[in-house]
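Colleague: Have a look at the structure that comes next, please.
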Amino acid sequence: MKPTQTDTLPVLTGLRRAELEALVAQLDEKPFRAKQLEKWLFEKTVRSFEDMTDLSKAFRQKLTEQTVLSPHTIRQKISSRDGTTKFLINLADGQTVECVTIVQDHHLTACLSSQVGCTVGCPFCATGLSGFRRNLSVAEIVDQFLLMQHAVQQGALKEFSDHDRISNIVFMGMGEPLLNYDRLLAAIEILNRQIGIGLRRITISTSGIIPGIEKLMQEERDYNLAISLHSANPETRDTLVPINRKYTVATLLDVAKRYADHTGRRITFEYTMLAGHNASRENAFELAEALRGIHCHLNLIAYNPVDSPFQAPPRAEIEAFQRIMVKAGFPTTIRHNHGQDDMAACGQLRIQSVDNNEQPLPMVKA
Ligand code: SAH
Ligand code: SF4
């Protein structure tokens with residue numbers, strides 16, 4: 001797509017408080033205007049300057065000419081029977097990205113993407129199989145939340161839930177969040193300080209980017225960390241999570257332990273169950289041995305079929321795995337596969353609905 005003049009203008013939904021204040025000053029407006037603007041953008045989630053009714057016409061005119069509120073729109077929305085709703089978002093350059101709302105009894109959780117595609121290339125993941133295009137900008141990350149929050153406020157989920165606001169965020173959509181570190185943290189700052197989601201309600205899921213985890217630890221904030229482990233065996237993990245060749249599972253578990261000890265927060269390990277690869281009793285014993293001494297919680301996820309040769313193990317095998325882990329002292333849950341009836345698991349909506357003229361992406365090494 002050709003760049004247009006608006007490509008160079010600041011996108012307001014990606015501005016942190018100090019940046020918004022600086023912009024307001026630059027537009028020759030009083031400082032309190034920044035607060036007003038922030039309220040319209042992030043609390044009331046309006047999508048046009050006209051709706052910002054307490055701003056002067058002159059100010060709105062300046063905003064229209066010199067900024068972009070947000071160029072992003074919802075292209076498609078699919079709900080499954082349990083209320084899990086996937087949104088496909090149009091980005092300004094013609095790319096698309098997906099995000100999801102998950103309805104639970106006490107929470108409404110938003111699952112956000114951090115990249116278009118992913119360089120890590122896990123062979124059982126639709127995003128990994130699609131290759132990598134680019135990192136998302138701060139505004140593109142925050143706007144997934146705002147577009148879904150706006151839709152929720154407009155009643156998009158009313159047949160499934162009484163929630164009128166999103167309460168929790170997980171970075172478990174497309175992409176590897178810690179490979180887009182600075183933008184991820186800037187987006188989280190907006191979600192936390194300007195939108196009001198507590199840091200303890202925000203979870204970053206990583207395939208094990210060790211320098212990113214180290215850096216996160218040094219931020220001294222309460223981020224919840226989830227690590228996609230999928231195997232404690234080095235050879236198996238090399239194939240399931242190819243970044244393991246660079247950041248080995250032994251080093252990863254060491255940094256996970258330090259993260260848990262340092263932050264006092266329990267780490268979540270995610271473990272997608274793949275028949276014949278990581279789901280046997282022996283695999284469970286090996287995992288229990290490897291996790292010894294780490295303050296953690298284990299999430300077993302049945303493989304959700306995508307266009308790959310993998311298969312989910314029978315339910316009884318997953319339950320046997322869970323029993324071994326619980327007996328070894330690890331709190332272990334089997335994660336319900338939200339939205340499976342409409343292929344609504346992470347990474348799948350885009351694959352299914354994007355125009356046919358979009359070619360599969362080349363793999364790029366992480
Ligand atoms: N890139 C990050 C976050 C996105 S993926 C990460 O890997 O942690 C969120 C979770 O869904 C990861 O644990 C991932 O391994 C898992 N996942 C991906 N494809 C899956 C599939 N087809 N079935 C079940 N889980 C899958
Ligand atoms: Fe990337 Fe996560 Fe998918 Fe692996 S599971 S390819 S890290 S999005």
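The values are calculated or read from the model by the stated rules, or taken from the named source; none is laboratory data. Quick caveat, the model's predicted, so the values are computed rather than measured. Cβ placement follows ideal geometry from the backbone for every residue including glycine, while neighbour counts extend to all protein chains displayed. These accessible areas exclude ligands, DNA and RNA; they are computed on the full protein's heavy atoms, side chains included. Shrake-Rupley method; radii C 1.70, N 1.55, O 1.52, S 1.80 Å.
Colleague: Filter region 207-222 down to the residues that are open to solvent by less than 10 Å² (accessible area, probe 1.4 Å) and away from ligand 2 (no atom under 11 Å from the Cβ) and list them by number.
Modeller: Hits for region 207-222 are 212, 213, 216.
Colleague: Return only the number of the condition from (1) modelled with pLDDT of 95 or more; (2) away from ligand 2 (no atom under 16 Å from the Cβ); (3) closer than 20 Å to residue 228 by Cα that residue 274 does not satisfy.
Modeller: All conditions are met except number (2).
Colleague: Here is a further query. For region 277-317, what are the residues that are away from ligand 2 (no atom under 16 Å from the Cβ) and among the polar types (S, T, N, Q)?
Modeller: 280, 283, 311
Colleague: Also, quick follow-up: Filter region 179-206 down to the residues that are within 12 Å of ligand 2 (Cβ to nearest atom) and open to solvent by 10 Å² or more (accessible area, probe 1.4 Å), then identify the one that is farthest from residue 299 (Cα to Cα).
Modeller: The residue in question is 179.
Colleague: Which numbered condition in (1) within 15 Å of the chain's Cα centre (by Cα); (2) not assigned by TED's automatic domain parsing to the domain that holds residue 165 is the only one that residue 88 fails?
Modeller: That leaves (2) as the condition not met.
Colleague: Where residues in region 80-91 are surrounded by fewer than 19 Cβ atoms within 10 Å (Cβ to Cβ) and among the polar types (S, T, N, Q), which of them is modelled with the highest pLDDT?
Modeller: Within region 80-91, the match that is modelled with the highest pLDDT is 90.
Colleague: May I ask you to list the residues in region 181-212 that are out of contact with any helix residue (DSSP H, G or I) (no Cβ under 8 Å at 6 or more places or on another chain) and within 15 Å of ligand 1 (Cβ to nearest atom)?
Modeller: Correct list: 203 only.
Colleague: From the list 287, 240, 229, pick out the single residue that is touching an Asp or Glu at 6+ places or on another chain (Cβ under 9 Å), within 16 Å of ligand 1 (Cβ to nearest atom) and more than 30 Å from residue 14 (Cβ to Cβ). Give the derivation first.
Modeller: Working: 287 fails: touching an Asp or Glu at 6+ places or on another chain (Cβ under 9 Å); 240 fails: touching an Asp or Glu at 6+ places or on another chain (Cβ under 9 Å).
Going through 287, 240, 229 in turn, just one is touching an Asp or Glu at 6+ places or on another chain (Cβ under 9 Å), within 16 Å of ligand 1 (Cβ to nearest atom) and more than 30 Å from residue 14 (Cβ to Cβ): 229.
Colleague: Restricting to region 99-154, name every residue that is open to solvent by 20 Å² or more (accessible area, probe 1.4 Å) and away from ligand 1 (no atom under 16 Å from the Cβ).
Modeller: 103, 104, 105, 106, 107, 137, 138, 150, 153, 154, listed by residue number.
Colleague: Would you be able to say whether some residue in region 298-307 is in a loop (DSSP other than H, G, I, E, B), away from ligand 1 (no atom under 16 Å from the Cβ) and either in contact (Cβ under 8 Å) with a residue 40 or more places away in the chain or of a type in the set (Ser, Thr, Tyr) (or both)?
Modeller: No: zero hits.
Colleague: Next question, about the same structure. For region 157-186, name all the residues that are more than 14 Å from residue 89 (Cβ to Cβ) and among the aliphatic types (A, V, I, L, M).
Modeller: 157, 166, 169, 170, 172, 178, 179, 184, 185, 186 - these are the residues of region 157-186 that are more than 14 Å from residue 89 (Cβ to Cβ) and among the aliphatic types (A, V, I, L, M).
Colleague: Residues that are among the hydrophobic types (A, V, I, L, M, F, W, C) and within 16 Å of ligand 1 (Cβ to nearest atom): does region 156-169 have at least one? Let's see the steps before the verdict.
Modeller: Taking region 156-169 as the starting set, the residues that turn out to be among the hydrophobic types (A, V, I, L, M, F, W, C) are 156-157, 160, 166, 169.
Add one more test, that the residue is within 16 Å of ligand 1 (Cβ to nearest atom), and what stays is 169.
Checking region 156-169: at least one residue is among the hydrophobic types (A, V, I, L, M, F, W, C) and within 16 Å of ligand 1 (Cβ to nearest atom).
Colleague: Does residue 244 fit the bill of being open to solvent by less than 30 Å² (accessible area, probe 1.4 Å) and touching a helix residue (DSSP H, G or I) at 6+ places or on another chain (Cβ under 6 Å)?
Modeller: Yes; evaluated as a whole, the condition is true for this residue.
Colleague: Just a yes or no: is a residue in region 48-63 in contact with a helix residue (DSSP H, G or I) (Cβ under 7 Å, 6 or more places away or on another chain), within 30 Å of residue 133 (Cα to Cα) and either at pLDDT 95 or above or not in a strand (DSSP E or B) (or both)?
Modeller: No, region 48-63 contains no residue that is in contact with a helix residue (DSSP H, G or I) (Cβ under 7 Å, 6 or more places away or on another chain), within 30 Å of residue 133 (Cα to Cα) and either at pLDDT 95 or above or not in a strand (DSSP E or B) (or both).
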